[in-house]
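Just below is one structure, and these are the notes that go with it.
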Amino acid sequence: MKGLANRRFSVYYFIILTSVVLIARVAYLQLVSLKYKEQAQRVILERQLDYPSRGLIFDRNGKTLVYNKPIYVIYATYRKIDPKMDTTLFCNLLGIDKSTFIHNLNKDWSNPQFHKSLPFVFLSKVNPDQFAVFKEHMYKFPGFTAVERNIRGYPHHHGGHVLGYLGEVDQAIIDKSDGVYIPGDYIGKTGLEIAYEKELSGIKGIHYILRDNLGRRIGPYENGKLDSMAIPGEDIKISIDLDLQAYADSLMMNKKGGLVAIEPSTGEILAMVSAPTYDPNLLILDENRNVGMTKLLRDTINRPLNNRAVTNRFPPGSIIKPIISLIALQKGVTWINRPMNCFGGFRLSATKKMGCHGHAPIHNVAEAIQHSCNTYYLQITKDFLDQYGSKYPGIGLDTLVSYFHDFGLGSKLGMDFSYEGQGFIPDSKYYDRVYKREKSGWKSMWVLSIGIGQGEMQLTTVQMANLAATIANRGYYITPHFIKQYISGKHIPDQYTQKHKMRIDSKYFSPVIDGMEAVVLAGTARIAYVPGLDICGKTGTSQNPHGDDHSVFFGFAPKNNPKIAVAVFIENAGWGGDWAAPISSLLIEKYLNKSISPTRKYLEEKMMKGLLNVTSEKIVPHSAQKQDSVQLTQ
């Protein structure tokens, strides 16, 4: 009897224990497990998103650059679809084939992202005209609904690189967004669209809808207490002048290169062109998007999607000479009225010299800039590098590099834009690596090309324009930027109002600017002269070991109280005075005078029609104006 009682208690104990385990498991599934809780919510709750309108973009004068246009997204709820529906009519109305219909409808139902009782994206990018026809027949297709979304529209054909474009989010963006983005959302991919994504995108609204297990709507969850309204994105006014941008596009047509114009006193970018450019309407998020993108991506010769103005870097050539002058004057390595004879070049050794073109004797820094004397600047650079002794050129070089950094060279400027390049400024550590096999180290004579903007030094076009703005301001710059105003009155970030001051005494800017004025009046950029505008500038020819040299110019106007600073870089176009200088002067004239003088219309036509290396063919020959060339002669 005692054994039987023990067995009975064992059975009771087992039943009680099993019951406790089952109750605990049910409690866990109901109260603790998020997996089953979320699954239950997907059955009884539908989370509907209310997409905000994206912020508009205006130019500095209030002209619309980017607006919103409607497009429709078709959603499907699998369990509500009539299996006997007329799929042929459905496909014809939406312009798809049956294989697309089947592919878009069948999902991985084991994935918690999808549920047969809840709507999912069936088809995106349905244009309003197409949807208008489809809407008349929607009653024939239960289970399908439509939501209006906004995509970008462009009333003009300019500024594609500046504005950027939208695209659908990928999984990496979704994973990093902490729930901000979901599949099918749009996001800025390039240009200002990505730089100001947070401000432009706005905040989604959310509505929670109760449905039964068959997907039928019951009503709002908790009478809408958890719902929120969508908040539209910020409208912004940017610094671009649409008329000037359009004119710059026409001047840079059929060329490769970059153009940047800045208002010196504010750092606001007035125009930016990367040539060849593209019409932003090609990349609207509609049914033709793939055609436009494919067309641009297949042009591997011209690479129109590449933004040459802010990413490509090249040796600046002789436009670096005014900067070398300022730094050398500040350090006392040279003096304003230092004379120098050229003799056709700078002697590197008994058998080699760095060539220069013929010009009158140099009496001061201004004349050295006017005539772009290579001998003058090679000598100044040698003096600078050897100022601590000929055995320690690295110390001199690093001193020079520290001043270059003040001017914003060798690093990103910090502009409000995507994919900004930083250029390259070689320092002593770089040359220590290059010449590591030299037991006695490297010598100043081996790296003098940095003083004439050649060799390893590389700048972006926007950095060149910023140099012009810094000289125009007599010693400071404000970080180049596009944002001019938030329409809501929101504060502009301080980084776009603060001055970056140079360690250069103001007295040294006058002779340098006088020299840049003389370049246009009677130097290498006489073609850029416009009566009454007092343009100051400097031409450059950037050597290219792989083909024709690059044409470079930077400058500003007027000389006093300057309103615009410009840099133009034309690839494979020869001497700075051939293309970059006249294009710059036309842009300056257009901005300051609002028109081009009849006496310069011939030049305008030549610049607009000039065909420069936009295919694999060789560019047209450059003129005989060769003041900025650098030749190594025996």
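The values are calculated or read from the model by the stated rules, or taken from the named source; none is laboratory data. None of these values were measured; they are calculated from a predicted model. Virtual Cβ from ideal backbone geometry, glycine too; neighbours counted across all protein chains shown.
Quick look at the values:
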item: Check on T311, at pLDDT below 90, of a type outside the set (K, R), surrounded by fewer than 21 Cβ atoms within 10 Å (Cβ to Cβ) and not in a helix (DSSP H, G or I); result: no
item: Single residue of the range 454-500 satisfying the filter (in contact with a helix residue (DSSP H, G or I) (Cβ under 8 Å, 6 or more places away or on another chain) and β-branched (V, I, T)) that is surrounded by the most Cβ atoms within 10 Å (Cβ to Cβ); result: I471
item: Helices (runs of 4 or more DSSP H) wholly inside the range 155-244 containing at least 2 residues that are within 28 Å of L283 (Cα to Cα) and in contact with an Asp or Glu (Cβ under 6 Å, 6 or more places away or on another chain); result: none
item: Hey, K590 part of a loop (DSSP other than H, G, I, E, B), among the basic types (K, R) and at pLDDT 95 or above or not; result: no
item: Tally, over the range 477-501, of residues that are more than 26 Å from S551 (Cα to Cα) and not in a loop (DSSP other than H, G, I, E, B); result: 11
item: Some residue of the range 91-110 being over 15 Å from E287 (Cβ atoms) and touching a residue at least 40 places away in the same chain (Cβ under 8 Å); result: no
item: From the options G267, G205, residue that is out of contact with any Cys (no Cβ under 8 Å at 6 or more places or on another chain), of a type outside the set (F, W, Y) and closer than 28 Å to K559 by Cβ; result: G267
item: Subset of the range 516-562 (residues that are in contact with a strand residue (DSSP E or B) (Cβ under 7 Å, 6 or more places away or on another chain) and assigned to a loop (DSSP other than H, G, I, E, B)); result: T524, A525, L533, D534, I535, N544, D549, K559, P562
item: Residue in the range 501-511 that is of a type in the set (K, R), surrounded by 14 or more Cβ atoms within 10 Å (Cβ to Cβ) and touching a strand residue (DSSP E or B) at 6+ places or on another chain (Cβ under 9 Å) present; result: no
item: Single residue of the range 442-471 satisfying the filter (among the hydroxyl-bearing types (S, T, Y) and more than 20 Å from the chain's Cα centre (by Cα)) that is farthest from I564 (Cα to Cα); result: S444
item: In the range 226-268, residue surrounded by the fewest Cβ atoms within 10 Å (Cβ to Cβ) [restricted to those that are under 26 Å from K490 (Cα atoms) and of a type in the set (G, A, S)]; result: S228
item: Criterion violated by M293 - all others in (1) part of a loop (DSSP other than H, G, I, E, B); (2) closer than 22 Å to L192 by Cα; (3) at pLDDT below 95 satisfied; result: (1)
item: Sole residue being at positive phi and either surrounded by 24 or more Cβ atoms within 10 Å (Cβ to Cβ) or under 32 Å from the mean Cα position of the chain (by Cα) (or both), chosen from G389, G332, G410; result: G410
item: Which listed residue is under 23 Å from G332 (Cα atoms), touching a Gly at 6+ places or on another chain (Cβ under 9 Å) and in the same structural domain as E517 (by TED's automatic domain parsing), from D406, D427, D398; result: D427
item: I262 being assigned by TED's automatic domain parsing to the domain that holds Y477, of a type in the set (V, I, T) and under 17 Å from the mean Cα position of the chain (by Cα); result: yes
